[in-house]
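One structure is given here, and the rest of the page talks about it.
The values are calculated or read from the model by the stated rules, or taken from the named source; none is laboratory data. From a predicted model like this one, the values you see are computed outputs, not experimental measurements. In this analysis, Cβ positions are derived from the backbone assuming ideal geometry, glycine residues included, and neighbour counts consider all displayed protein chains.
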Amino acid sequence: MKKNSAFLLILTLLFGFLTTVQAVENELGYISVNESMTKEISPNQAEISIGIKTSDKSLQNASEKNKAIANKVYSSIKALLGMEDSIKTDNYTASPQYVYTKENERIFDKYIVSNTVMIKTKKLELVSKFIDEAIANGATDIDNLYFSVASGDYNEICNDALAELTKRAYGKANLMLKSINSQITGIKLINATCNTENSPRPFYGMMMNSAVKSDALSSPIEKGTSKIYANIDASFYVK
C-alpha cells in the first residue's frame with residue numbers, strides 16, 4: 001500500500017512539473033522574421049546530347065554504319081575532354097520503318113538505328129568545339145544542350161547563403177527587440193530552403209550531311225546564368 005502511495009505521489013509531482021514547464025513555455029513570447037536572397041551565378045558545367053542516326057535495308061549494315069560514326073565522334077571528342085569530363089552512350093535503339101502503298105498495304109522500307117551520346121563537361125569554352133567535331137564526324141542531331149551548376153558547388157553556395165541569412169535573421173530580431181527592451185532567449189523554429197532556377201535551356205536541333213564542309217561549321221554558344229533562391233523563416237523565444 002505504501003509503495004502504491006509513493007508511486008502515485010511521484011506521478012502527481014511529475015505531472016505537476018510537466019504542466020508547469022508547458023505553462024512556462026506557453027507564457028514565453030516569440031518573434032518571427034524572414035530573410036531571403038537571390039544570387040545570380042554562372043553555370044560551370046554543360047551536358048550535350050548528340051544523336052547519330054543511320055539507316056539501311058539491312059539491320060546489320062545500319063548498325064555497322066552507326067558504330068563507325070559513333071567511334072569517330074567518340075575519338076574526336078574524347079581527345080578534348082578534361083579529367084572531370086565524361087562521354088557515354090545514353091540511349092541506343094534499332095527499329096524497322098514501313099511505308100504504305102496507295103492500297104494501304106504496309107511494306108517494309110528500312111531499319112533506322114539511333115545512338116545518343118551524352119557529353120558532360122566543365123570545359124565550357126569548348127562546347128562549340130564539341131558540337132562542331134561531332135557534326136564533322138557524322139553526327140546527325142544535337143538533341144539538347146544544358147548548362148548548370150555542379151552539385152558540389154551548388155551545395156556550397158546554398159550553405160553559404162543560408163548561413164548569411166540566418167545571421168541576418170538573428171540580427172534583425174535582436175534589433176527589433178532592442179527597441180522594446182526585450183531579448184532572445186532561444187530558438188523556436190528555423191526553416192531553410194534553397195533552390196535553383198537555370199536560365200532557359202537553349203535547344204539546338206541540327207541536321208547535317210556530308211555535303212556540309214567542316215570549315216563552314218560554327219556553333220556560337222551563350223551559356224547564360226543561373227539563379228539561386230535562398231530563404232530563412234526563423235522564430236526566436238523572447239523575454
All conditions in (1) over 30 Å from residue 221 (Cβ atoms); (2) hydroxyl-bearing (Ser, Thr, Tyr); (3) in contact with a Phe, Trp or Tyr (Cβ under 7 Å, 6 or more places away or on another chain) are true of residue 166 except (3)
Please work out which one of (1) modelled with pLDDT of 95 or more; (2) part of a helix (DSSP H, G or I) is the condition residue 12 fails and give its number. (1)
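Residue-by-condition table, conditions (1) hydrophobic (A, V, I, L, M, F, W, C); (2) more than 30 Å from residue 38 (Cβ to Cβ); (3) modelled with pLDDT under 95; (4) under 27 Å from the mean Cα position of the chain (by Cα):
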{"position": "55", "(1), (2), (3), (4)": "no, yes, no, no"}
{"position": "63", "(1), (2), (3), (4)": "no, yes, no, no"}
{"position": "78", "(1), (2), (3), (4)": "no, yes, yes, yes"}
{"position": "91", "(1), (2), (3), (4)": "no, yes, yes, yes"}
{"position": "94", "(1), (2), (3), (4)": "yes, yes, no, no"}
{"position": "101", "(1), (2), (3), (4)": "no, yes, yes, no"}
{"position": "110", "(1), (2), (3), (4)": "no, yes, no, no"}
{"position": "124", "(1), (2), (3), (4)": "yes, no, yes, yes"}
For the range 34-91, name all the residues that are crowded, with 18+ Cβ neighbours inside 10 Å, touching a residue at least 60 places away in the same chain (Cβ under 8 Å) and within 25 Å of residue 224 (Cα to Cα). 43, 45, 46, 48, 50, 51
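Any residue at all in the range 136-145 that's more than 19 Å from residue 45 (Cα to Cα), surrounded by 16 or more Cβ atoms within 10 Å (Cβ to Cβ), among the hydrophobic types (A, V, I, L, M, F, W, C) and touching a residue at least 60 places away in the same chain (Cβ under 8 Å)? Before the answer, list the steps.
Here is the first cut: in the range 136-145, the residues more than 19 Å from residue 45 (Cα to Cα) are 136-141.
The next check asks that each one be surrounded by 16 or more Cβ atoms within 10 Å (Cβ to Cβ); those that pass are 136-141.
Then drop every residue that is not among the hydrophobic types (A, V, I, L, M, F, W, C), which leaves 136, 139.
Still in the list and also touching a residue at least 60 places away in the same chain (Cβ under 8 Å): 136, 139.
Scanning the range 136-145, I find at least one residue that is more than 19 Å from residue 45 (Cα to Cα), surrounded by 16 or more Cβ atoms within 10 Å (Cβ to Cβ), among the hydrophobic types (A, V, I, L, M, F, W, C) and touching a residue at least 60 places away in the same chain (Cβ under 8 Å), so the answer is yes.
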Apart from one, (1) out of contact with any strand residue (DSSP E or B) (no Cβ under 9 Å at 6 or more places or on another chain); (2) modelled with pLDDT under 90; (3) not aromatic (Phe, Trp, Tyr) all hold for residue 196; the odd one out is (1)
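Mind telling me which of the residues 145, 177, 165 ends up being closer than 30 Å to residue 30 by Cβ and either touching an Asp or Glu at 6+ places or on another chain (Cβ under 9 Å) or at pLDDT 95 or above (or both)?
Values: 145 fails: closer than 30 Å to residue 30 by Cβ; 177 fails: either touching an Asp or Glu at 6+ places or on another chain (Cβ under 9 Å) or at pLDDT 95 or above (or both).
None of the others qualify; the one that does is 165.
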